[in-house]
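The values are calculated or read from the model by the stated rules, or taken from the named source; none is laboratory data. Computed from a predicted model, the values in this text were never measured in an experiment. Cβ sites come from the backbone with ideal geometry, for glycine too, and all protein chains shown count toward neighbours.
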Amino acid sequence: CGIFGIYAPGKDVARLAYYGLFALQHRGQESAGIAVADGRHIAVHKGMGLVAEVFNQDNLRALKGNLAIGHVRYSTTGASSLVNAQPLVFRYLKGMVAIAHNGNLTNANRLRRQLGARGSIFQSSTDSEVIVNLIARYSQEPIEAALRRCQDELEGAYSLVVMTEEKLIGVRDPFGVRPLCLGKMGEAWVLASESCALDTVGAAFCRDIEPGEIVVIDSQGVHSIQGRRAPHSAHCIFEYVYFARPDSILDGETVNLVRRELGRNLAREYQVAADVVIPVPDSGIAAAAGYAEAAGLPFIEGLMKNRYVGRTFIQPTQEMRDLGVRLKLNPIKPILRDKRVVIIDDSIVRGTTSRRIVEMLRQAGVREVHLLAASPPVLHPCYYGIDTSARGELIAARYSLEDIRRHVGADSLYYLSLEGLFRSVTRGAENFCAACFSGRYPIPIPSPEEATKYS
Ligand code: 5GP
Ligand code: SF4
Ligand code: MG
């Protein structure tokens, strides 16, 4: 998911939130929502679909206030339906609160049962609603203190933007799994999942929110509480590999540069006698450019992407996904015919995309096709908010390299090593979560019973 918050009395905060969410659209296409506070009341508008489908001049104009938060959703727990759309808005002892969450709690089901036993009721199936109920339990305290207490009970990944009638608050989990940064534009303050959203609204990047930090923005300015913090951070490395926008800088790493480096390291590890290097657009572009440069091979755009089609992976069913790849990509045949092609994608998850693409390239008359993944095999499910999905769907978890090569139909197949992955970021491996590749989970994962998804 993508989250955004803005504190800007006197400005059209709903419209700015709309632009911010627009820049974060790649982080979720299922639903979008904006909540606005005017000092006395919180109003919200949300709906299913893309930001541009959910909002129009009229409903944006109706959202008047001094501060706003917004959310774009990509479901990992909870069904894709309007009750699960965010921000969630609720009324508690102290007034109204709105919340938007990116990440996934690992103890949501346990907390839900505990809260339920004490009388809490739930409208939706999202783990975010568990956070709402926890906040309500500490309603005697100021909201930032309540959030600090929540940090002692919540486990897993959460970056939050929270809003009362007059305060904007950003929270990051103790490991800083999901990103969150702070920006400034004149007197106004902005919180966003990625720095690309700050650029879009014209805010200057100030800094990343620290793991465990609670940052409060109100008429007094910005102040920060260092909340619960883990002994080391565990920033999701998959954000750099695939999820984040290449123009974002997250926790000091420029996503585009990390991807180029992934490609360069791939070239150091695996050289192929080939004529051209082509990317799987868009997610493989930077890595393919890095590979081509390091390997001294020409980089060409051999596949055209229909830019009006969303990310295929987001479509909930396998049939939709299969069709999705053809809707999305088309080879430029004359430049591929009789060539030995290296094709680079950022990652291979289910293998669906790769198989279709190899088939497409063969039909376009390529002589050889060598498929290279700019990240290691995805072997383990993510419990922290990226839908790399159940283990059963992860092709590398079930088949050998040779079986996968045969399945996708490539002449050769190579994945970047785990060392190569860590070599591609500037900070040390100990700062990152790479559990979907390595199986080393920095935060305990739920037992199989606990992991049962609500729908
Ligand atoms: P697959 O191997 O599952 O067919 O697809 C891999 C492709 O899906 C890659 O091009 C990669 O960019 C993209 N991908 C990898 N992980 C994710 C994810 O968690 N979500 C989405 N939407 N796409 C992903
Ligand atoms: Fe990111 Fe993978 Fe860790 Fe999930 S398991 S947080 S996708 S690195
Ligand atoms: Mg892709």
Inset, instruction - Give the residues of region 28-53 that are without any contact (Cβ under 8 Å) to a residue 24 or more places away in the chain and within 20 Å of the chain's Cα centre (by Cα), sorted by residue number. - result: GLY49
Inset, instruction - Assess whether ILE169 counts as being modelled with pLDDT of 95 or more, within 14 Å of ILE3 (Cα to Cα) and not in a helix (DSSP H, G or I). - result: yes
Legend entry - Residue that is surrounded by the most Cβ atoms within 10 Å (Cβ to Cβ), among those in region 170-197 that are aliphatic (A, V, I, L, M) and free of Cβ contacts under 8 Å to residues at least 60 places away in the same chain: VAL171
Inset, instruction - Might you check whether a residue that is free of Cβ contacts under 8 Å to residues at least 24 places away in the same chain, charged (D, E, K, R) and over 27 Å from TYR384 (Cβ atoms) occurs anywhere in region 84-93? - result: yes
Legend entry - Filter pass, GLU402 being within 16 Å of ligand 2 (Cβ to nearest atom) and among the acidic types (Asp, Glu): no
Inset, instruction - Mind listing whichever residues of region 236-249 are surrounded by 24 or more Cβ atoms within 10 Å (Cβ to Cβ) and either among the charged types (D, E, K, R) or closer than 25 Å to CYS150 by Cα (or both)? - result: CYS236, GLU239
Inset, instruction - Considering each of GLU129, GLU141 in turn, give the residue that is surrounded by fewer than 22 Cβ atoms within 10 Å (Cβ to Cβ) and not hydroxyl-bearing (Ser, Thr, Tyr). - result: GLU141
Inset, instruction - Tell me which of these THR106 doesn't satisfy, since it passes every other one: (1) buried (at least 20 other Cβ atoms within 10 Å of the Cβ); (2) in contact with a helix residue (DSSP H, G or I) (Cβ under 9 Å, 6 or more places away or on another chain); (3) of a type in the set (Val, Ile, Thr); (4) over 17 Å from GLU194 (Cβ atoms). - result: (2)
Inset, instruction - Give the number of residues within region 221-278 that are away from ligand 1 (no atom under 16 Å from the Cβ), part of a loop (DSSP other than H, G, I, E, B) and closer than 19 Å to PHE175 by Cα. - result: 10
Legend entry - Subset of region 340-383 that is part of a loop (DSSP other than H, G, I, E, B), surrounded by fewer than 21 Cβ atoms within 10 Å (Cβ to Cβ) and more than 15 Å from ligand 1 (Cβ to nearest atom) - its residue that is modelled with the lowest pLDDT: ALA364
Legend entry - Residue ID - nearest to PRO376 (Cα to Cα), chosen from residues in region 426-441 that are within 12 Å of ligand 2 (Cβ to nearest atom), assigned to a loop (DSSP other than H, G, I, E, B) and not aliphatic (A, V, I, L, M): GLY439
Inset, instruction - Residue by residue through region 346-357, note down the ones that are more than 16 Å from ligand 2 (Cβ to nearest atom), out of contact with any Lys or Arg (no Cβ under 9 Å at 6 or more places or on another chain) and under 18 Å from ILE285 (Cβ atoms). - result: SER354, ILE357
